[in-house]
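Comments concern the structure below.
What follows is calculated from the coordinates using simple rules that are stated; it is not laboratory data. On a predicted model such as this, the values are computed, not experimentally measured, just so you know. Positions of Cβ are backbone-derived with ideal geometry, glycine not excepted, and every protein chain shown enters the neighbour counts.
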Amino acid sequence: MKNSFDEKILEEANDWIKANQKVVLATVIQTWGSSPRQVGSRMIVNEKGDFSGSVSGGCVESAVVRECIGIIKDNKPFKKIEFKVSNESAWEVGLACGGEIAVYLEQIN
Amino acid sequence: MKKQLLDQIIKNKENKSEFAIITNISNGESCIYEKNKPIDKNFEKYLEQIKNYFEKKKNGVIENTDIFVETYIRPIKVIIVGAVHIAQYLVDYAKSLNFEICIIDPRGYFATEQRFPDLKIINKWPEEAFKEIETNENSALIALTHDPKIDDPALQHALKNKFYYIGALGSKNTHENRCQRLKDAGFSETEINSIHGPIGIKLGGKSAPEIALSIIAQLVAETYKK
């Protein structure tokens, strides 16, 4: 069972902000089929590409980090990305489990 | 997400006050939902659906909308009556499954800190012990003493407070006698039948860790049925 109160990723995001880092919050908002992490799973990414937490079992984290750096550079407030087996990038980062996930990225400002 | 909102979320988490983070994924707006408090006017038209997700402790995007709901609900409270051998294994399972655990046993020699480190133990009779614990329909009871003097008052409290899971250890005979006593005490058949007795799903094992596993498996299954 999930215990959201014990997860400290948002507190960590706050610490990063206090240290003057730009932070993007990535949250799993939808899953289809078998997916490694449940809805609500989170990771945070800063402008350098440092990250904490996870949105999959390591399958798509590198792509999420790239997207997060992208929205910081472009100064976009938010973005929704999906990872499917049928994606063009499947060879690179697709979910080996055959699942699909949607991840919502948002800058904290 | 605005930094101000993040601060509010962290504050609510510290206070362990239940809430949900609501995000409109099509325009990036977000707010906090708390029961019985007014919601940000931009989300007013989704209030009923948000409430529904919150009550069901669901996380996800509300159907046919762009509204994402993430609930922060306190862990389920599991009260174990009887600091017996099985309880020691139950505690290990329940901890890793994120249940909040509390043990009641008036017999001081059973419920010692040495046997149950880092755990809330109440060395009192159930009637007294339940005065110290807040319980509701989100609570579960596992009665393990099979001593009517200790188990029965706890079962009665759990029935009256509509615990979503109530289980009691003991053979079929023990359980039949228990049901009769509850009937005599004025509980209805439906109430009595809601008690899982003999407790646990059938795994076939007889050792203490195996019985604990069968109990915790039943508890998890009932939790997801809620």
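Would you work out which of B:Gln8, B:Asn173, A:Phe5 lies farthest towards the positive end of the dipole of the protein assembly as shown? Charges go on Cβ: Lys and Arg +1, Asp and Glu -1.
Going by the charge dipole, the pick is B:Asn173.
So what's the back-of-envelope 222 nm ellipticity for chain B, counting only DSSP H runs of four-plus at -39500 (n - 2.57) apiece and dividing by all residues, rounded to 500?
The helix contribution divided over chain B gives -11500 deg cm²/dmol.
Please list, in order along the range B:39-50, the HN-Hα scalar couplings obtained from phi with the Karplus expression 6.51 cos²θ - 1.76 cosθ + 1.60 (θ = phi - 60°), rounded to whole Hz, x for Gly and Pro.
With coefficients 6.51, -1.76 and 1.60, one gets 9, 3, 4, 5, 10, 3, 6, 9, 3, 4, 5, 5 Hz.
With a 10 Å cut-off between alpha carbons and a GNM built on chain B, which of B:Leu203, B:Leu144, B:Leu155 moves the most?
Of B:Leu203, B:Leu144, B:Leu155, the most mobile in the Gaussian network model is B:Leu203.
Please go through the range B:90-128 and write out the GluC sites (Glu not before Pro) that DSSP classes as loop and that have at most 10 other C-beta atoms within 10 Å.
Answer by residue number: B:Glu113.
Using the Cα centre of chain B as the reference point, and only Cβ charges (+1 on K/R, -1 on D/E), how large is the resulting charge dipole? Debye, rounded to the nearest 20.
It works out to roughly 80 debye.
Taking 27 Å as the cut-off for C-alpha to C-alpha distance, list the pairs among B:Lys13/B:Lys226; B:Lys57/B:Lys124; A:Lys18/B:Lys41; B:Lys149/B:Lys172 that go past it.
B:Lys57/B:Lys124; A:Lys18/B:Lys41
Calculate the all-directions average of the projected area of the range A:12-85's alpha-carbon convex hull, and give it in nm².
One quarter of the hull surface, i.e. the mean projection, equals 4.9 nm².
Ignore the peptide's own chain and count Cβ atoms of other chains within 10 Å of each Cβ in A:22-32; give me the average, rounded.
3
What number, in nm² with one decimal, is the all-direction average of the projected area of the convex hull of the alpha-carbon atoms of chain B?
The orientation-averaged projected area of the Cα hull of chain B comes to 14.8 nm².
Sort out for me the Cα centre separation of the range B:182-226 from the range B:1-26, rounded to whole Å.
The distance from the Cα centre of the range B:182-226 to that of the range B:1-26 comes to 37 Å.
Show me the ranking of peptides A:77-84, B:40-47, A:36-43 by mean Cβ neighbours inside 10 Å, starting with the highest.
My ranking of the peptides, most packed first, is A:36-43, A:77-84, B:40-47.
Using alpha carbons only, how many degrees (0 to 90, rounded to 10) separate the axis of helix B:172-184 from the longest principal axis of chain B?
70
About the Cα centre of the protein assembly as shown, how large is the charge dipole given +1 on each Lys and Arg Cβ and -1 on each Asp and Glu Cβ? Please answer in debye to the nearest 20.
200
So for the range B:101-226, taking the charge dipole from beta-carbon charges (+1 Lys/Arg, -1 Asp/Glu), which of B:Leu159, B:Ile101, B:Leu213 sits furthest toward the positive end?
It is B:Leu213, whose Cα lies furthest towards the positive end.
Taking each residue of A:40-50 in turn, how many C-beta atoms of other protein chains fall within 10 Å of its C-beta, and what is the average?
1
Amide H neighbours of B:Ala140 under 5 Å, at least 5 residues apart or on other chains, H built in the peptide plane: list them.
B:Lys77, B:Val78, B:Ile79
Arrange B:Asp151, A:Asp15 by Cβ neighbour counts within 10 Å, fewest through most, would you?
Arranged by neighbour count, lowest to highest, B:Asp151, A:Asp15 become A:Asp15, B:Asp151.
For B:Asp92 and B:Lys56 in one chain, what is 0.36 nm times their gap in residues minus the Cα-Cα distance, to one decimal in nm?
That pair, B:Asp92 and B:Lys56, stretches by 10.3 nm at full extension.
Per-residue counts of other Cβ atoms within 10 Å, averaged by peptide: what ranking do you get for A:55-62, B:24-31, highest first?
Taking the mean over residues of other Cβ atoms within 10 Å, the ranking is A:55-62, B:24-31.
So, in Å, what gap is there between the alpha-carbon centers of the range B:99-141 and the range A:1-60?
Rounded to whole Å, the Cα centres lie 35 Å apart.
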